[in-house]
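Below: the structure, in structure tokens.
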């Protein structure tokens with residue numbers, strides 16, 4: 001049972017890792033980011049769009065999941 005939890009946590013960690021990488025790459029730097037990519041570059045100067053806000057939330061959740069799984073993997077490996 002312990003190995004199952006370990007491998008399940010490891011899979012969730014890897015999925016969160018790649019999700020965060022994708023989310024960070026979609027974020028806007030100095031350009032328009034996600035909104036500019038889909039043709040909404042003119043409205044990017046007015047503030048972040050709904051897509052950008054949702055992307056921020058998704059990336060934050062993935063970062064929290066990643067952090068919790070790293071701690072859980074550390075605890076599972078310590079015993």
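The values are calculated or read from the model by the stated rules, or taken from the named source; none is laboratory data. Just so it is clear, the structure is predicted and the values come from calculations on it, not from any experiment. Cβ placement follows ideal geometry from the backbone for every residue including glycine, while neighbour counts extend to all protein chains displayed.
So which residues in segment 37-58 are modelled with pLDDT of 60 or more, in a helix (DSSP H, G or I) and surrounded by fewer than 16 Cβ atoms within 10 Å (Cβ to Cβ)?
37, 50, 51, 53, 54, 56, 57, 58, listed by residue number.
Among (1) at pLDDT 90 or above; (2) surrounded by 11 or more Cβ atoms within 10 Å (Cβ to Cβ); (3) out of contact with any helix residue (DSSP H, G or I) (no Cβ under 7 Å at 6 or more places or on another chain), there is one condition residue 62 misses while meeting the rest; what is its number?
Going through (1) at pLDDT 90 or above; (2) surrounded by 11 or more Cβ atoms within 10 Å (Cβ to Cβ); (3) out of contact with any helix residue (DSSP H, G or I) (no Cβ under 7 Å at 6 or more places or on another chain) one by one, residue 62 breaks only (3).
When the residues of segment 1-20 are narrowed to those that are out of contact with any helix residue (DSSP H, G or I) (no Cβ under 8 Å at 6 or more places or on another chain) and at pLDDT 95 or above, which ends up surrounded by the most Cβ atoms within 10 Å (Cβ to Cβ)? First the steps, then the outcome.
Initially, segment 1-20 is screened for residues out of contact with any helix residue (DSSP H, G or I) (no Cβ under 8 Å at 6 or more places or on another chain), giving 1, 3-4, 7-8, 11, 14-15, 18.
Now narrow it down to the ones that are at pLDDT 95 or above: 4, 7-8, 11, 14-15, 18.
Working: 4: 8, 7: 11, 8: 12, 11: 11, 14: 12, 15: 14, 18: 10.
So the residue we want is 15.
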